[in-house]
Amino acid sequence: MDTQLARAVVVYCASSERCDFAYHEGARRLGGLLARDNRTVVYGGGRVGSMGALADGALAAGGRVIGVLPRFLKDLELAHDGLTELHVVEDMRARKHAMLTRSQAVIALPGGSGTLEELLEAITLKRLGVYAGPIILVNMRNYYSPLLAMLANAIAERFMQEPSANIWQVVPTPDDVVPALAAALRSQP
Ligand code: AMP
């Protein structure tokens, strides 16, 4: 990957074409906001669902978008063909690693098991001290509330320690991401 990733953020989001269109619109809006904040968007490289909308929103605002796609998804022609850069990696695991290690912060929009897996891995790696950046959950339409309740339960049952709750931040809408990101990055050790 290139060296211009100082302001890169990874966005995890849905491939679904069948979810409420509001999620796609939220992703498109977030892409535009990040681009106007001069952030490079790193994401899964797809052209479908919220992923495609995110990339389109950032590109339309003149932003840089870097996709990281496993070879089999590129072979299925699911890649976005207008990205600033598209990196093709061997498998899903290599992709997750590449997306996380090349970014300053994690943003999770609503999504399915792929998004949830990426988000929970980032939380786990941060708990273990392997990843240090902010993790921001965008709780659009209260989508993440059940997961947040589950995490609170994990803390209440002492599977996780209380400070674990400081590992992630929750914002209600895509519009809240840029200020939350700036504040979180400012308070980084
Ligand atoms: P999901 O939330 O289950 O739709 O999964 C989305 C996440 O998994 C994205 O952040 C991608 O990294 C990956 N992913 C799943 N399906 C695709 C796809 N069709 N094209 C590209 N990436 C995908």
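The values are calculated or read from the model by the stated rules, or taken from the named source; none is laboratory data. Everything numeric here is computed off the predicted structure, so don't read it as measured data. All Cβ positions, even for glycine, are placed from backbone atoms using ideal geometry, and neighbour counts span all protein chains on display. Surface accessibility is based on the protein's heavy atoms, side chains included, excluding ligands, DNA and RNA. Shrake-Rupley method; radii C 1.70, N 1.55, O 1.52, S 1.80 Å.
For the reader, a short list of remarks on this structure follows.
- Local net charge near Asn38, Cβ-Cβ under 10 Å (Lys/Arg +1, Asp/Glu -1): +3
- Debye log10 I(q)/I(0) at q = 0.08, 0.18, 0.19 Å⁻¹ for the chain, Cα point scatterers: -0.23, -1.22, -1.36
- DSSP bridge orientation in the chain - percent antiparallel, rounded to nearest 5: 5
- The residues of the chain present an accessible area of 49 Å² per residue when probed at 1.4 Å with all protein chains retained.
- Here the chain has 52 percent of its accessible surface on carbon and sulfur atoms, given a 1.4 Å probe and all protein chains in place.
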